[in-house]
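Let me begin by presenting the structure, written as structure tokens, before commenting on it.
The values are calculated or read from the model by the stated rules, or taken from the named source; none is laboratory data. Just so it is clear, the model here is predicted, and its values are computed rather than measured. For neighbour counting, all protein chains shown are included, and Cβ atoms are generated from backbone atoms with ideal geometry for every residue, glycine included.
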Amino acid sequence: MGTVSILDGLKRKLVADSVASGRRADGRALDEMRELVVETGVVPKAEGSARVRLGRTEVVTGVKVNPDRPFPDTGDRGTFICTAEIPPLAHPDAEAGPPSEAVIELARVVDRGIRESHMLDMSQLVIKRDVSVVGVFTDNAVMDDGGNLFDACSYASVAAILSCKLPVWEMAEDAPRLVEGQRRDPPITTVPVSVTMGRIGNHIVVDPSLEEWMCLDARLTITTNSEGNICALQKGGREGFTPEQLNSCAETAISVGARVRPKLEAARRAG
């Protein structure tokens, strides 16, 4: 066995032993998140933006809003697209070039949580039905991967959307025309909060750090809305959860989400 494998094994044992004791290596309780800091207005040229620090994880998200062609079957609704990128400086394993499967999954999980919560009333983002709608595009740039990018990117995306001021367009002949000097608030219906939990042995931890992330047997991301209803789930990892563990995760996602939501809602007031 090589030195690297021995060191990896020792790290995994340290993490597992800490979790089994009920107190994690960084001193947190099993259901405790890392410190969350949310700043808005960090990208001046974006319609909305946010920087989120979740422990050592840092993400900057910008929102651009432009006229867009509606999808063929939803001409009465605006469009929403979420992207993500992890540059090599953010994590030793990150590589330049086309997005990896992990990055694609990251963007899809964040996108699904926001979309399925119906955070934005897309029916109010129509310039002319079946012709032109408002497209909302969020781009998450990971500055430092300290673990649990799912929640960090979701929080940054939600805060950036909440801080948005949308341009106003009107139809002029067959093309949308920007109405100068007019801005409006986004049509917000709810504030989604994702909570990612990981299983290490028989124990569930909330908001895994990078060291814990590398030791997970399974993970689960649950997004809830302002009413405490579950909107989206994403399971990952090589193993699974028992029904009892799933129920516990759902309850944890609701309770932790209620604690996180006010910090994200503050972005709306700041915007």
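Odds and ends about this structure:
- Cβ-Cβ under 7 Å pairs, at least 6 apart or on other chains, the range 32-50 side over 17 Å from D151 (Cβ atoms), far side assigned to a strand (DSSP E or B) and basic (K, R): V42/R51; A46/K64; E47/K64
- Among (1) touching a Leu at 6+ places or on another chain (Cβ under 7 Å); (2) part of a helix (DSSP H, G or I); (3) not charged (D, E, K, R), the one test that L89 misses: (1)
- Of the set (1) in contact (Cβ under 8 Å) with a residue 60 or more places away in the chain; (2) crowded, with 19+ Cβ neighbours inside 10 Å; (3) in contact with a strand residue (DSSP E or B) (Cβ under 6 Å, 6 or more places away or on another chain); (4) closer than 26 Å to T57 by Cα, all apply to I200 but (3).
- Among (1) surrounded by 16 or more Cβ atoms within 10 Å (Cβ to Cβ); (2) in contact with a strand residue (DSSP E or B) (Cβ under 7 Å, 6 or more places away or on another chain) - the single one V191 does not satisfy: (2)
- Any hit, the range 129-147, residues being without any contact (Cβ under 8 Å) to a residue 12 or more places away in the chain, more than 28 Å from D185 (Cβ to Cβ) and either in a strand (DSSP E or B) or not aliphatic (A, V, I, L, M) (or both): no
- Residue within the range 161-171 that is under 13 Å from the mean Cα position of the chain (by Cα) and within 23 Å of L264 (Cα to Cα) present: yes
- Of all positions in the range 24-38, at least one carries a residue that is at pLDDT below 95, in contact with a strand residue (DSSP E or B) (Cβ under 7 Å, 6 or more places away or on another chain) and among the basic types (K, R).
- Scanning the range 57-90 for residues that are under 25 Å from L210 (Cβ atoms) and surrounded by fewer than 16 Cβ atoms within 10 Å (Cβ to Cβ) gives E85, P87, P88, L89.
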